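The values are calculated or read from the model by the stated rules, or taken from the named source; none is laboratory data. All of these numbers come straight from a predicted model, not from anything done at the bench. Neighbour counts are summed over all protein chains in view; Cβ atoms, including those assigned to glycine, are modelled from backbone coordinates with ideal geometry. These area figures cover heavy atoms from the full protein model, side chains too; ligands, DNA and RNA do not enter into them. Shrake-Rupley method; radii C 1.70, N 1.55, O 1.52, S 1.80 Å.
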Amino acid sequence: MNTPRIGLVGVGLMGHGIALNIARKGHALTVLEHPGNQPLDELRALGVASAATVQDLARQVQVLILCVTGSPQVEAVLLVEQGALEPGTVVIDCSTAIPASTESVARAVAAAGGRFLDAPMTRTPREAAEGRLNLLVGGDAQLLQECLPLLQCFAENVTHTGAVGSGHRMKLLHNYVSLGSVALIAEAAACALAAEVSPQVFVDVLAKGGGGGLA
């Protein structure tokens with residue numbers, strides 16, 4: 001895959017950082033104009049173009065990255081009559097989506113003559129801006145190797161999780177663990193407060209012991 005033109009749908013808090021790093025690495029990038037985007041001034045200064053509709057965007061690019069909220073938005077981009085399915089396009093879905101929907105979307109992409117990877121992210125907008133996201137990639141291993149130079153523009157760690165849909169399954173498992181840990185710490189902190197344990201003592205003890213990975 002030599003210097004493909006990249007399209008991005010979803011220039012929000014995470015997508016803006018992705019776009020910045022793709023553009024800074026010299027890739028030709030076009031983004032979808034949308035009211036939910038972060039301001040595009042910095043991207044435009046780097047030569048990033050924009051398209052008014054997903055269909056216009058898809059016709060201009062060889063790789064289409066989706067960074068939207070979830071499965072309903074992914075389906076709205078790809079599966080509607082005036083959507084973004086184009087023969088030969090590689091679709092990389094960085095959203096947090098429902099795995100069954102992801103598998104259905106991947107079949108639709110393949111039927112249209114395209115190829116598909118699910119590549120949900122972990123970490124935060126700060127790491128997105130720094131080009132240090134983690135990507136959990138489901139799909140064909142050879143396709144991942146083709147796309148790896150592009151993905152490494154904005155990701156520090158790229159993990160191949162298996163077949164299509166496995167990336168989104170792993171993202172949900174990651175969320176179960178991380179959000180469960182937050183809930184556990186919150187409950188423990190409330191108990192500590194009720195027991196008149198100093199918050200600083202609570203944090204220090206966890207940090208020096210078995211809770212060090214959670215605190």
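Report the charge-dipole magnitude of the chain in Debye, nearest 20, computed about the Cα centre from +1 at each Lys and Arg Cβ and -1 at each Asp and Glu Cβ.
Around 340 debye, computed over the chain.
Which residue, Asn134, Asn21, Asn157, has the most motion in a Gaussian network model of the chain that connects Cα atoms within less than 10 Å?
Asn157
5 Å is the cut-off here: which amide hydrogens, built 1.01 Å from N in the peptide plane, fall below it relative to Asp93, excluding neighbours closer than 5 in sequence?
HN-HN under 5 Å from Asp93: Leu66, Leu117, Asp118, Ala119.
Most fluctuating residue of Leu20, Leu46, Leu184 in a GNM of the chain with Cα springs under 10 Å: which is it?
Most flexible of the set in this elastic network: Leu184.
How far apart, in nm, are two points set 7 Å out from the Cα along the Cα-to-Cβ line at Asp56 and at Arg5?
1.3
Once the piece of chain linking Asn175 and Val201 is laid out straight, how much longer is it, given 0.36 nm per residue of separation minus the C-alpha distance between them? Don't skip to the end; give the middle numbers.
Details: separation 26, 0.36 × 26 = 9.36 nm, distance 2.78 nm.
Length gained between Asn175 and Val201: 6.6 nm.
For n ≥ 4 DSSP H runs only, could you compute -39500 (n - 2.57) per run for the chain, divide by its residues and tell me the 222 nm figure to the nearest 500?
Values: 9 runs with 101 residues, N = 215.
Using -39500 (n - 2.57) per qualifying helix, the result is -14500 deg cm²/dmol.
What nm value, rounded to one decimal, do you get for the distance between Glu130 and Val158 when each label is placed 7 Å out toward the C-beta?
2.0
Note down the magnitude of the dipole of segment 40-118 about its Cα centre, charges +1 on Lys and Arg C-beta and -1 on Asp and Glu C-beta and zero elsewhere, to the nearest 20 debye.
Details: 4 positive and 9 negative charges, 35 e Å.
The dipole magnitude comes to about 160 debye.
Normalise the Cα radius of gyration of segment 41-97 by 2.2 N^0.38 Å (N = residues in it) and let me know the number.
Values: Rg = 11.9 Å, N = 57, 2.2 N^0.38 = 10.2 Å.
Ratio of Rg to 2.2 N^0.38 Å for segment 41-97: 1.16.
Nearest 10 degrees is fine. How inclined is helix 99-111 to the longest principal axis of the chain, computing both from alpha carbons?
Roughly 10 degrees between the two axes.
Taking all protein chains in place and a 1.4 Å probe, what share, in percent, of the accessible surface of the chain do carbon and sulfur account for? Could you put the intermediate results ahead of the total?
Working: 6060 of 10550 Å².
Of the solvent-accessible surface of the chain, carbon and sulfur hold 57 percent.
Test of understanding: express the Cα radius of gyration of segment 10-117 as a ratio to 2.2 N^0.38 Å, with N the residue count.
Details: Rg = 13.2 Å, N = 108, 2.2 N^0.38 = 13.0 Å.
Normalised Cα radius of gyration, segment 10-117: 1.01.
For the chain, what is the accessible area per residue in Å², given a 1.4 Å probe and the full set of protein chains?
Details: 10550 Å² over 215 residues.
Per residue, the chain has an accessible area of 49 Å².
Give, in nm to one decimal, the length gained when the segment between Val80 and Ala100 is fully stretched (0.36 nm per residue of separation minus the Cα-Cα distance). Intermediate results must be reported in sequence, preceding the final value.
Numbers: separation 20, 0.36 × 20 = 7.20 nm, distance 1.79 nm.
Extra length available between Val80 and Ala100 comes to 5.4 nm.
Relative to the longest principal axis of the C-alpha atoms of the chain, give the angle of the C-alpha long axis of helix 199-208, reported between 0 and 90° and rounded to the nearest 10°.
70
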